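First comes the structure, then the notes that go with it.
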Protein chains: 2
Amino acid sequence: MKKLLDNPDQAVDDSLTGFAAAHAGLVEVHGLHGAGPVYVTRAGGAVAGKVGLVSGGGSGHEPLHAGFVGDGMLDAAVPGAVFTSPTPDQITPAIQAADAGRGVLAIVKNYTGDVLNFETAVELAEAEDVQVATVVVNDDVAVEDSTWTAGRRGVAGTVMVEKIAGAAAARGDDLAAVAAVAQKVIANVRTMGVALAACTVPHVGKPSFDLADDEIEIGIGIHGEPGRHRVPMAPAAQITELLLEPVVADLGVGAGDTVLLFVNGMGGTPLSELYVVYGRAHALLAQRGVTVARSLVGNYVTSLEMQGASITVLRLDDELEQLWDAPVRTAALHW
Amino acid sequence: MKKLLDNPDQAVDDSLTGFAAAHAGLVEVHGLHGAGPVYVTRAGGAVAGKVGLVSGGGSGHEPLHAGFVGDGMLDAAVPGAVFTSPTPDQITPAIQAADAGRGVLAIVKNYTGDVLNFETAVELAEAEDVQVATVVVNDDVAVEDSTWTAGRRGVAGTVMVEKIAGAAAARGDDLAAVAAVAQKVIANVRTMGVALAACTVPHVGKPSFDLADDEIEIGIGIHGEPGRHRVPMAPAAQITELLLEPVVADLGVGAGDTVLLFVNGMGGTPLSELYVVYGRAHALLAQRGVTVARSLVGNYVTSLEMQGASITVLRLDDELEQLWDAPVRTAALHW
């Protein structure tokens with residue numbers, strides 16, 4: 001294993017130390033190096049008069065979630081150990097820190113550990129008189145249940161939920177309305193991914209799974225959980241179809257629909273290849289009469305240095321498009 | 001070789017097709033799929049009353065350069081084949097397209113092929129009555145001469161040159177002034193990189209160089225050209241020192257200086273590791289009494305999926321800081 005790390009067991013803390021230094025005006029990282037529960041908030045804390053947004057999950061998916069803390073998106077993020085759910089004692093203070101009196105929306109990716117720990121943390125926060133609503137993101141169409149999931153996994157579509165719900169909070173919506181917008185995004189977003197090569201978790205020291213030189217895994221999870229099937233290596237056009245068809249079918253988008261198309265890198269695939277996939281997916285949607293009105297291409301929900309990509313489609317209406325376009329100022333998304 | 005590609009020989013065209021589709025309101029890609037010389041311009045063409053900025057070089061370093069076309073940065077970019085200089089017949093029309101009557105600054109990374117082909121292209125453009133100034137970026141302190149270079153190579157510091165010169169052009173500076181700002185950045189920016197593992201050029205199909213499982217290359221070039229020395233794999237703190245010390249020494253920054261610190265990923269290294277390096281470098285600079293006033297962390301000047309990173313330091317003054325902060329709207333930098 002060759003990685004730019006000092007102590008593999010301290011990788012998350014060391015990375016957050018650099019993150020805090022690089023974005024000092026934007027975020028604050030709490031509890032580093034044993035000082036207490038680790039969580040990330042905006043610099044300056046909760047915004048008066050605004051519903052707070054909190055998300056979190058295992059580390060290793062950077063920039064998710066800490067990279068999305070800032071104006072127009074999250075108020076706090078809770079990074080667990082690599083590929084491991086954050087604990088309630090981390091999540092509860094993050095929820096409290098995000099509360100400015102109008103309540104907090106917790107955005108949870110659907111993994112059993114995340115869901116349970118957020119539930120416990122929400123109960124603890126409510127006992128401290130914070131009003132909390134929770135939404136669970138489950139956009140991955142690959143499999144119904146998975147290694148660490150009852151029901152579908154939450155993956156790259158989480159970026160759309162956090163961005164759009166964040167914009168709804170920023171325009172002044174109340175907690176019920178922000179939660180409703182988040183649910184609307186969840187109802188309209190679907191994803192499927194592929195792995196070409198596995199990643200290595202620092203404290204494990206060997207690849208999470210094995211793939212032969214000539215095979216790929218369709219429907220991979222963002223922790224390397226098994227997908228739908230392993231197939232021989234294929235051209236990008238064919239892989240794109242294998243990912244896009246189940247997404248489109250499940251979402252039921254067709255002629256006359258308008259969508260956002262998001263090609264997400266898993267961390268170890270060059271941007272140039274993500275654009276090849278984007279071009280193929282865009283053309284396939286156009287052939288079906290679907291209008292691609294917005295795009296996102298890059299490494300946003302990664303699996304360390306895994307080679308691969310996912311395709312996400314979000315069905316847009318005027319409201320979702322406006323909220324997507326609204327200003328955002330975070331480490332990883334900024335416009 | 002497992003890559004998300006169709007025909008490896010068409011990888012650049014296929015990627016640019018996706019890039020054009022993803023950023024249709026921002027850029028236009030000319031000459032795809034045999035229609036003519038390939039180059040990228042802003043959608044809508046040159047901006048009246050503004051000096052134009054053109055850069056270019058081999059592909060495989062995405063988002064450089066096409067990802068930096070847009071408001072506040074480049075007016076045109078010229079992508080060559082992978083790791084291969086663009087040809088004069090591509091560069092000349094890009095220069096012409098960037099000209100709105102106030103002349104064009106060509107920003108060239110110091111590789112012999114790039115320098116020669118830009119020289120020829122500039123002569124051809126001048127014959128068509130376009131006024132052109134050229135600056136050559138040579139920020140890599142690793143080696144004096146290299147595989148494809150007389151003198152130092154131009155690497156990640158190019159982003160700072162393009163951003164800051166772009167802001168000078170956007171505020172209305174004339175050609176001489178924009179060129180002078182670019183030269184000022186070049187005089188104040190230095191970089192050094194490390195490779196942990198090589199990348200594979202699509203049409204070659206095997207890794208560009210070999211590194212043993214326990215060795216890394218300090219001072220690597222962005223095409224995998226040899227650096228200063230190969231050393232055993234080491235902790236991030238030690239690698240950071242090996243990169244930062246020569247940069248700081250060459251630049252002569254010390255107590256009382258203010259800098260921008262840029263940790264650039266080579267393409268296959270997770271963002272979390274780049275932040276570990278950033279944290280170490282930031283602390284080392286602080287120990288020396290250097291103020292890090294601005295930061296950039298991410299994959300901006302890549303070498304396909306190479307694993308590794310580079311550290312860039314730019315000495316700031318008030319002017320450079322203001323120009324860095326000025327608004328930018330491109331595919332890869334946006335604020």
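The values are calculated or read from the model by the stated rules, or taken from the named source; none is laboratory data. Remember, it's a predicted structure, so these values are computed and weren't measured experimentally. Backbone-built Cβ (ideal geometry, glycine too); neighbour counts: all protein chains shown. Surface accessibility is based on the protein's heavy atoms, side chains included, excluding ligands, DNA and RNA. Shrake-Rupley method; radii C 1.70, N 1.55, O 1.52, S 1.80 Å.
Identify, please: which residue in region A:133-159 is open to solvent by less than 40 Å² (accessible area, probe 1.4 Å) and among the acidic types (Asp, Glu) and is, among those, farthest from A:Thr92 (Cα to Cα)?
In this case the residue turns out to be A:Asp140.
Filter region B:8-19 for residues that are more than 8 Å from chain A (Cβ to nearest Cβ) and not charged (D, E, K, R) and give the result.
B:Pro8, B:Gln10
Does B:Val313 meet the test of being among the β-branched types (Val, Ile, Thr), open to solvent by less than 20 Å² (accessible area, probe 1.4 Å) and in contact with a Lys or Arg (Cβ under 7 Å, 6 or more places away or on another chain)?
So B:Val313 fits the description; yes.
Being over 18 Å from A:Gly154 (Cβ atoms) and modelled with pLDDT of 95 or more: is that true of A:Gly80 here?
Taking the combined requirement at face value, the residue does not satisfy it.
Rundown of residues vs (1) at the interface with another protein chain (Cβ under 8 Å from one of its Cβ atoms); (2) part of a strand (DSSP E or B); (3) free of Cβ contacts under 8 Å to residues at least 40 places away in the same chain, yes/no style:
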site: B:Ala255; (1), (2), (3): no, no, yes
site: B:Tyr275; (1), (2), (3): yes, no, yes
site: B:His282; (1), (2), (3): yes, no, yes
site: B:Gly289; (1), (2), (3): no, no, yes
site: B:Ser295; (1), (2), (3): yes, yes, yes
site: B:Tyr300; (1), (2), (3): no, no, no
site: B:Ile311; (1), (2), (3): no, yes, no
site: B:Glu319; (1), (2), (3): no, no, no
site: B:Ala332; (1), (2), (3): no, no, no
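Filtering region B:1-30 down to residues that are within 17 Å of B:Met306 (Cβ to Cβ) and without any contact (Cβ under 8 Å) to a residue 40 or more places away in the chain, which residue is most open to solvent (accessible area, probe 1.4 Å)?
Selected residue: B:Lys2.
Just for strands (runs of 3 or more DSSP E) wholly inside region B:32-125: which have at least 1 residues that are open to solvent by 40 Å² or more (accessible area, probe 1.4 Å) and in the same structural domain as B:Ser146 (by TED's automatic domain parsing)?
Because the criterion is at least 1 residues that are open to solvent by 40 Å² or more (accessible area, probe 1.4 Å) and in the same structural domain as B:Ser146 (by TED's automatic domain parsing), the strands (runs of 3 or more DSSP E) in region B:32-125 that meet it are B:76-82.
Pick from region A:160-210 the residues that are within 14 Å of chain B (Cβ to nearest Cβ) and β-branched (Val, Ile, Thr): which of them is surrounded by the fewest Cβ atoms within 10 Å (Cβ to Cβ)?
A:Thr200
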